[in-house]
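Shown next, in structure tokens, is the structure this report addresses.
The values are calculated or read from the model by the stated rules, or taken from the named source; none is laboratory data. All figures in this text were calculated on a predicted structure; none of them were measured in a lab. Here the Cβ is made from the backbone with ideal geometry for all residues, glycine too, and neighbour counts use every protein chain on show.
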Amino acid sequence: MNLLIKVFFVFFFSLSIFTEREIEFSLNSDSIWRGLTQNNGNPTLGMDLNISLSNGLISGLWIESCCSESSSYPNREVGFFLGYQKIINNNLNFLLSYTGTNYPNSKSDNYDELEFNFSFFDFEISYFKGLDNFPDYYELSYNYDFLNNTLGLSYGSFDPYKNDNFSNGKNYSVGIDSFQEDFTLSFFYYYFNARSSSTYDDDGFVFSISRKTSF
């Protein structure tokens, strides 16, 4: 992980070779991860920094004030990714990346994944290969653009993590992103269907507002 962080900073300080640099700040009514609430319905703040190079290499990091359901839970999440993206044409895109997710005050919850993503036209297939016994996850999604909005539909399936049956299930979501000048307003409904017991089923609505800036 330390090596990847060093690589990221090499990217960051070599600004002349970057083709695109974006920073995004967001306020969310909750943090939903693969159909599961990470903040027990409480608001979160987030920041994402993404960098793309002309040769297809991509890198980025994020931080979010999530995962604080109780004092025993992590109170923030910090992540980093490094990968390669190949844009074949306007309708075909392939991405391979490594992602490390860290919780500074709860390192036992840290996990790493490899992501394989393939998008074609309005459809997208993502497969996450968990490392060090972290479970795999896959997701299918569809996005439809109209006016200044995007309609999104998704379905995902996740095996239990550390024998926690609460995380063993399928998730569905439907939502709309509305682009208003410099801001993006997002509203979606999620539903989690647990395989082990219906008592773990969950659903809800999430609203977020974000602003993205290129530099």
Limited to segment 96-111, what total is found for residues that are over 19 Å from S31 (Cα atoms), in a strand (DSSP E or B) and of a type outside the set (G, A, S)?
2
The condition of being in contact (Cβ under 8 Å) with a residue 24 or more places away in the chain, on the phi < 0 side of the Ramachandran plot and either of a type in the set (S, T, N, Q) or surrounded by 14 or more Cβ atoms within 10 Å (Cβ to Cβ) (or both) holds, among S157, S196, only for S196
Among the residues of segment 74-95, is there at least one that is touching a Cys at 6+ places or on another chain (Cβ under 9 Å), modelled with pLDDT of 90 or more and in a strand (DSSP E or B)?
yes
Filtering segment 24-62 down to residues that are outside any strand (DSSP E or B) and among the polar types (S, T, N, Q), which residue is nearest to Y190 (Cα to Cα)?
S31
When you scan segment 167-188, how many residues do you find that are in a strand (DSSP E or B) and either under 18 Å from the mean Cα position of the chain (by Cα) or within 27 Å of P135 (Cβ to Cβ) (or both)?
14
I'm checking my understanding of the structure. Among residues of segment 160-177 that are charged (D, E, K, R) and exposed (fewer than 15 other Cβ atoms within 10 Å of the Cβ), which one is farthest from G204 (Cα to Cα)?
K162
Can you name every residue in segment 147-178 that is at pLDDT below 95 and hydrophobic (A, V, I, L, M, F, W, C)?
L147, F158, F166
Given (1) loosely packed, with under 15 Cβ neighbours inside 10 Å; (2) under 13 Å from the mean Cα position of the chain (by Cα); (3) of a type in the set (A, V, I, L, M, F, W, C), number of the condition F25 does not satisfy:
(2)
Just give me the residues in segment 147-164 being closer than 12 Å to P135 by Cβ and of a type outside the set (G, A, S), in sequence order.
F158, D159, P160, Y161, K162, N163, D164
Which members of segment 119-139 meet the condition of being in a strand (DSSP E or B) and either surrounded by 14 or more Cβ atoms within 10 Å (Cβ to Cβ) or basic (K, R) (or both)?
S119, E124, S126, Y127, F128, K129, G130, Y137, Y138, E139
Scan segment 190-209 and give yes if some residue there is charged (D, E, K, R), modelled with pLDDT of 90 or more and assigned to a strand (DSSP E or B), otherwise no.
yes
